[in-house]
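Here's the structure we're looking at; comments come further down.
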Amino acid sequence: VPVPEDAAVGTVVALLSVSDRDSGANGRVRCAVWPAAPFGLVATFAGSYSLVLREALDRERVSEYEVEVRAEDGGAPPLRASRGVRVPVSDVNDN
């Protein structure tokens, strides 16, 4: 679903779930979004994250974002996984 270009900072764009069945440090997962601007990740509860807007969007500048969510566990060596997310931006000020 496209995100309107006038969406407020803090708007939730997507909900994500990340899990690792290991216990202890091997089961702890860190997540990040790349490139970060204009998005960020907020941990909502164990294994769940919200992809949120960190800054205003401008469809005339960027009509669609391709971001990558990266997850890494606390093991040695760490296991890593990533998933791409496409975020289209809808225009609100053109007729």
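Quick notes on this one:
- Over region 3-90, volume per residue of the alpha carbon convex hull, in Å³: 79
- Placed amide H near residue 3: partners under 5 Å, 5+ positions off or other chain: 89, 90
- Taking a Cβ cut-off of under 11 Å around residue 41, the surrounding Lys, Arg, Asp and Glu residues balance to a net charge of +3, with basic ones at +1 and acidic ones at -1.
- Length gained when the stretch residue 68-residue 19 is fully extended (0.36 nm per residue, less Cα-Cα span): 16.0 nm
- For region 57-70, backbone phi angles converted through the Karplus equation (6.51, -1.76, 1.60; θ = phi - 60°) give residue-by-residue couplings of 9, 9, 4, 5, 8, 9, 8, 7, 10, 10, 10, 10, 9, 10 Hz, Gly and Pro being listed as x.
- Along the chain, longest interval not containing exposed trypsin sites (Lys or Arg not before Pro), exposed being DSSP loop plus at most 16 other Cβ atoms within 10 Å: 62-95
Only the coordinates and a few stated rules stand behind these numbers; no lab work does. Note that the coordinates shown come from a computational prediction; the quantities given were computed from them, not determined experimentally. Every residue, glycine among them, receives a Cβ derived from its backbone with ideal geometry; neighbour counts consider all protein chains shown.
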